[in-house]
1. Please give the charge dipole size of the range 64-165, origin at the Cα centre, charges +1 on K and R Cβ atoms and -1 on D and E Cβ atoms. Round to the nearest 20 debye.
2. Modelled label-to-label distance, residue 173 and residue 153, 7 Å Cα→beta-carbon offset: nm?
3. Could you rank the peptides 158-168, 49-59 by their average count of other C-beta atoms within 10 Å per residue, with the highest value first?
4. Given labels modelled 7 Å from the Cα in the Cβ direction, how far is it in nm from residue 87 to residue 50?
5. Expressed as a fraction of 2.2 N^0.38 Å, the rule-of-thumb size for a compact globular protein of N residues, what is the C-alpha radius of gyration of the range 1-157?
6. Let's test the formula: R0 of 30 Å, r as the Cβ-Cβ distance of residue 121 and residue 60. What FRET efficiency results, to the nearest 0.05?
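No lab work stands behind these numbers, since they all come straight from the coordinates. Here the structure is a predicted model, which means the values were calculated and not measured. Glycine also receives a Cβ, built like all others from the backbone with ideal geometry; neighbour counts cover every protein chain displayed.
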Amino acid sequence: MNLGPLTEVPETETERVLRDRLTTSENPSAALWDLARFYNHSGRSERAIECLRDILARTADPEARAECLLALGQATERLQDPAGALELYKQALVLEPSSQRVWYLLHNNLGSCLNALGRFADGERYGRRAVQIEPGRPHGHLNLGISLHGQGRCREAVRAWIRAVQADAGDGRALKLMERVIAEHEDLAEEFANDLHCCRLAVDYAEREVNRSAPRVRGGLRARWFLFRLRWGRRMTRLRRWLRTGQ
């Protein structure tokens, strides 16, 4: 059956439909969440914050309040206000949500805000907790590396960024940080030569894979998945050994 061509709905029409739902929905909080997501995706963080504060005022459940405070913190970070976001994340942390995802994001985002404020030692504490909660997520390792680098612990920072690339080669930020720090410290160049080479291969392959099959590939492309698809003889053997042992 031919349904005809897809038509893009203008943002103003989408906003109108979502706002109409607020007056007709049996669950206004759910409608507000949808509207907040719409505003976030369209770059209107101030309007998203208005919706989220409305949700917070309607919500008594600690778990739901923690998730709402997390979203408020994320929207506040988008407004380049790490100090404001930090306070929101702290409020959510006091509620001790049981969701592992929320618990991880609160620690990770707290670490990121503290790094942005130059409080690297405090950022390290939250970063380490984040990677304990979800060791397979890249951003905890990324932010932990920034905390360590901010304290002058460059070797530890590079190791954290290697783990970030191993967790997700689809995000090249850890590689860029690693390259810059290694270029600034000659003593690290030889020590991490093989790791840097493998990270470059993984990030390059991830980027090409996304470009090749963008309609089918979701975010969070993992280095191990890419590297085990390579068929490059001796180079493949080295990559496998690196992923398995880090050597």
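1. Dipole about the Cα centre, nearest 20: 340 debye.
2. Modelled inter-label distance: 2.0 nm.
3. 158-168, 49-59
4. Calculated label separation equals 2.1 nm.
5. 1.23
6. Efficiency, rounded to the nearest 0.05: 0.25.
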